[in-house]
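Below: the structure, in structure tokens.
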Amino acid sequence: MTAEPLQTPGTPSSADRGRVAAFFDLDKTIIATSSSGVFSKPFYAGGLITRGDVLRSAYAHFLFLVGTADEDQTERMRRHLSELVTGWDVSKVQQIVAETVHELIDPYVYAEAVNLIAEHHELGHDVVIVSASGAELVEPIATVLGADHVIATRMAVADGRFTGEIDFYAYGENKAAAMRELAEARGYDLERCYAYSDSITDAPMLAAVGHGFAVNPDRTLRRAASEHGWGVLTFVRPVALRSALRPPTPVLVTAGALTAGAVAWAVWRLVRRRARA
């Protein structure tokens, strides 16, 4: 990691630095689906998109689930979505998401991810959801999950409607840059932080922290994990989110009593124990 930048007014002092965060990708890491794709039906019912838009979204969703959506396809879909949302009423989008988030997301949440989030909170770590999906979709999901912060794509808004311009696209290296910015603002020591993702496009995100974990990796990500020394986790149990949000089993270690390596071992052991159970 690079040396800490010089302090600027309003940033944490050196005595306050050293906090730990766990950065989680959302799609296919916390949930076994695409957060953008699952909302196409209620958006259609609400008159925001056409039947043709639903079909295109379903096709993109399929490519995403089977892992064949490459960077070029992802970029084309980003442009399509940018054009699609132009003129949408932001408050209507927020209302639709709020009314359907449990129905659409609950069945797809990985139990292992929920447990891991709970373990990080028990260790005193902040939890940050990092997603290329729009903030209007990600923030309600993150709230239900109990996340402390969100990094997500942000669309430009004028007079309460999306303009079609993208203020920030949370993808690839942009995710890592936003993580570093948040770490500076919140006083996180990135060498002690954790990151979890299923996608090779999130390699910069995993490399930005001291403890990166590849979740359900394909061959390309598994190779990268081996090269960089990242851990590998397997999440296989989607459960209803409401049933998964229970008080976590008490953790017998504290972050203050462990080195960063020992914390990583403790979290890994807890995950493996729960997976076997």
Fill in the blank from the handout: Sole miss for TYR188 among (1) more than 22 Å from VAL150 (Cβ to Cβ); (2) in contact with a strand residue (DSSP E or B) (Cβ under 7 Å, 6 or more places away or on another chain) is condition (1)
Practice task
Among the numbered conditions (1) of a type outside the set (Gly, Ala, Ser); (2) modelled with pLDDT of 90 or more; (3) over 19 Å from the mean Cα position of the chain (by Cα), tell me where LEU145 comes up short.
Solution key: (3)
Exercise for the section: Please name all residue pairs, on different chains or six or more residues apart, with Cβ atoms under 7 Å, provided the first residue is in the range 196-210 and is in contact (Cβ under 8 Å) with a residue 24 or more places away in the chain and more than 16 Å from ASP27 (Cβ to Cβ) and the second residue is of a type outside the set (D, E, K, R) and part of a strand (DSSP E or B). Expected result: ALA208/ALA195; VAL209/PHE23; VAL209/TYR194; VAL209/ALA195
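So that you can scan it fast, the table gives a plain yes or no per residue for (1) at pLDDT 85 or above; (2) loosely packed, with under 13 Cβ neighbours inside 10 Å:
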{"position": "SER34", "(1), (2)": "no, no"}
{"position": "VAL38", "(1), (2)": "no, no"}
{"position": "GLY47", "(1), (2)": "no, yes"}
{"position": "VAL85", "(1), (2)": "no, no"}
{"position": "VAL90", "(1), (2)": "yes, no"}
{"position": "ILE105", "(1), (2)": "no, no"}
Problem - Only one of ASP159, ASP148 that is of a type in the set (D, E, K, R) and either in contact with a Leu (Cβ under 6 Å, 6 or more places away or on another chain) or farther than 21 Å from GLN95 by Cα (or both) - result: ASP148
Fill in the blank from the handout: Within the range 127-167, the residues that are of a type in the set (Asp, Glu), assigned to a strand (DSSP E or B) and free of Cβ contacts under 8 Å to residues at least 60 places away in the same chain are ASP167
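The values are calculated or read from the model by the stated rules, or taken from the named source; none is laboratory data. None of the values given here were measured: they were computed from a predicted structure. A quick note on method: Cβ atoms are made from the backbone with ideal geometry, for glycine too, and the neighbour counts reach across all protein chains shown.
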